[in-house]
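Reading through the structure tokens given below for one structure.
The values are calculated or read from the model by the stated rules, or taken from the named source; none is laboratory data. The model shown is predicted, which means the values in this text are computed figures rather than measured ones. When we count neighbours, we look across all protein chains shown, and the Cβ atoms used for this are built from the backbone with ideal geometry, even at glycine. Keep in mind that these areas ignore ligands, DNA and RNA; they rest on the heavy atoms of the full protein, side chains included. Shrake-Rupley method; radii C 1.70, N 1.55, O 1.52, S 1.80 Å.
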Amino acid sequence: MYFCHLPTKCLFHCSFAWLELVSHRSFMPKLLLCNSQKGWPFFQRLLGDLFKFMEPYLRNAELGQPIQLLYKGTLRVLLVLLHDFPEFLCDYHFSFCDVIPPSCIQMRNVILSAFPRNMRLPDPSTPNLKIDLLAEISVAPRIMSDVEGALKAKQMKTQVDEYLKRPEGSSFLTDLKQKLVLPPNEANVAGTRYNVPLINSLVVYVGIQAVQQLQHNKANASASAQQMNQSPQVDVFQIETATEVYRNLIVNMDTEGRYLLLNAIANQLRYPNNHTHYFSFIILYLFAEATQDIVQEQITRVLLERLIVNRPHPWGLLITFIELIKNPRYSFWARSFTRCAPEIERLFESVARSCGGKAAEEGVLADGGH
């Protein structure tokens with residue numbers, strides 16, 4: 001396909017015409033409706049090239065009028081995809097989040113809000129909603145992106161696998177933070193000290209292994225329980241080796257690295273599936289176990305900044321934030337950063353009410369917010 005072989009730098013001279021062509025009703029729908037979804041990888045490459053072209057401008061906030069118009073046009077294309085081809089955004093969310101700057105919150109939210117058309121999302125504000133009892137919450141999402149690619153490129157996949165199997169005596173966590181740092185020349189180009197695709201790859205790959213191990217443990221426990229006529233008792237902390245990867249990075253990374261790590265986790269808070277369930281648990285666990293206020297404040301920031309932009313908001317994001325502010329275990333409203341200034345206090349209350357309706361508002365009052 002000619003469009004896929006066009007160098008990204010060439011978009012500078014024909015970006016508007018290029019976007020109009022690839023999103024045209026005679027091209028985009030026909031490509032995405034090809035038999036067996038054969039056209040999906042090609043269109044993913046086209047959108048990826050567009051995001052890569054826009055990334056330096058969006059990252060550096062160089063939003064002249066041409067880039068503003070291109071951004072709005074891209075957002076409209078994503079909204080069309082969200083409405084007509086949500087499964088495409090679901091399957092390739094990882095690839096797109098790799099090349100969209102952290103500052104493009106609404107654009108990322110549109111992609112992460114996609115869910116399969118045959119699914120009905122439960123209302124996140126439903127009182128006493130039992131997430132773990134939803135049928136969909138035990139199903140793995142389909143990911144067409146190469147999650148392991150960045151790990152393999154840095155020869156880290158084998159090291160991750162060995163650590164997860166045999167953590168005792170391993171030096172993997174000791175060296176991990178430094179392996180995620182870019183050389184100075186690459187950092188200058190990327191605009192960050194950290195290898196963001198590598199962080200994203202590590203976070204999702206470790207999570208996938210943890211979810212698979214947890215399902216394996218549940219299956220074994222269920223089989224044993226049936227033999228003994230007992231109910232299965234499976235503790236989620238049987239996967240503490242994977243959990244320790246996230247905890248170690250949260251504790252040892254600086255503010256920038258921690259923010260990128262938390263964003264990588266929050267990118268998996270999507271429609272009901274076992275990845276959403278697992279990463280929701282992880283981010284709440286990190287909040288509960290944090291010994292530094294800055295960690296809890298950054299977790300709150302990552303969730304909140306995704307909620308204060310215009311809709312849509314991912315279902316998993318809403319579920320996680322509602323759990324954080326309503327569950328007494330997290331003592332959210334007792335945290336000093338929720339009351340550091342009147343305008344911040346009002347912002348938290350406003351978001352809490354908009355996320356959970358009356359239930360969230362009652363939670364604010366019950367927990368001593370005001």
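When only Cα pairs below 8 angstrom with a gap of at least 6 residues are kept, region 8-113 shows a relative contact order of 29 percent. Per-residue extension of 0.36 nm, minus the Cα-Cα distance of residue 178 and residue 244, leaves a gain of 22.1 nm for this segment.
Specify, per residue and in Å³, the volume enclosed by the convex hull of the alpha carbon atoms belonging to the chain.
Details: hull volume 62.0 nm³, N = 370.
Expressed per residue, the convex hull around the Cα atoms of the chain is 167 Å³.
Of the residues 29, 312, 272, the one that moves most in a GNM of the chain with alpha-carbon contacts below 10 Å is 29. Relative contact order, whole percent, for region 144-216 stands at 38, derived from Cα pairs under 8 Å and 6 or more residues apart. Our estimate of slack between residue 72 and residue 37, defined as 0.36 nm per intervening residue step minus the Cα-Cα distance, is 9.9 nm. The accessible-area ordering, largest first, of the residues 283, 294 stands as 294, 283, per a 1.4 angstrom probe.
Rolling a 1.4 Å probe across the protein heavy atoms gives region 70-213 an accessible surface of 49 Å² per residue. The distance linking region 109-179 with region 39-62 is 23 Å (Cα centroid to Cα centroid, whole angstrom).
Our summary of shape: the Cα atoms of region 8-113 have principal axis extents of 40, 27, 20 Å, ordered from largest down, in whole angstrom. Each helix, a run of at least 4 DSSP H residues, gives -39500 (n - 2.57); summed and divided by the residues of the chain, these come to -20000 deg cm²/dmol at 222 nm. If you sort the three axes of the alpha carbon gyration tensor as a ≥ b ≥ c, you get a/c of 1.5 or more for region 116-158 and a/b above b/c, which makes it prolate. Largest GNM mean-square fluctuation among 190, 341, 150, using the chain with Cα springs under 10 Å: 341.
Relative contact order for the chain using alpha-carbon pairs under 8 Å, separation at least 6, rounded to a whole percent? Each step should come with its number before you reach the end.
Details: 380 pairs, mean separation 61.6, N = 370.
Computed over the chain, the figure is 17 percent.
Taking a point 7 Å from the Cα of residue 256 along the Cα-to-Cβ direction, the residues of region 43-72 with backbone N closer than 14 Å to it are 60. Per the Debye calculation on region 62-112 with a single equal scatterer at every Cα and no solvent contribution, log₁₀ I(q)/I(0) for q = 0.17 Å⁻¹ amounts to -0.51.
Using the Cβ-Cβ distance between residue 353 and residue 301 with R0 set to 22 Å, the FRET efficiency from 1/(1 + (r/R0)^6) comes to roughly 0.70.
Report the Rg/Rh value for region 274-350, based on alpha-carbon coordinates and the Kirkwood definition of Rh. Spell out each step's value before the answer.
Details: Rg = 12.3 Å, Rh = 13.0 Å.
Rg/Rh for region 274-350 comes to 0.94.
When restricted to Cα atoms, region 63-180 yields an Rg and a Dmax of 19.1, 56 Å, respectively. Accessible area per residue (1.4 Å probe, heavy atoms of protein chains only) ranks 344, 199 as 344, 199, with the largest value leading.
Model label points for residue 329 and residue 142, set 7 angstrom from Cα along the Cα-to-Cβ axis, are 3.3 nm apart.
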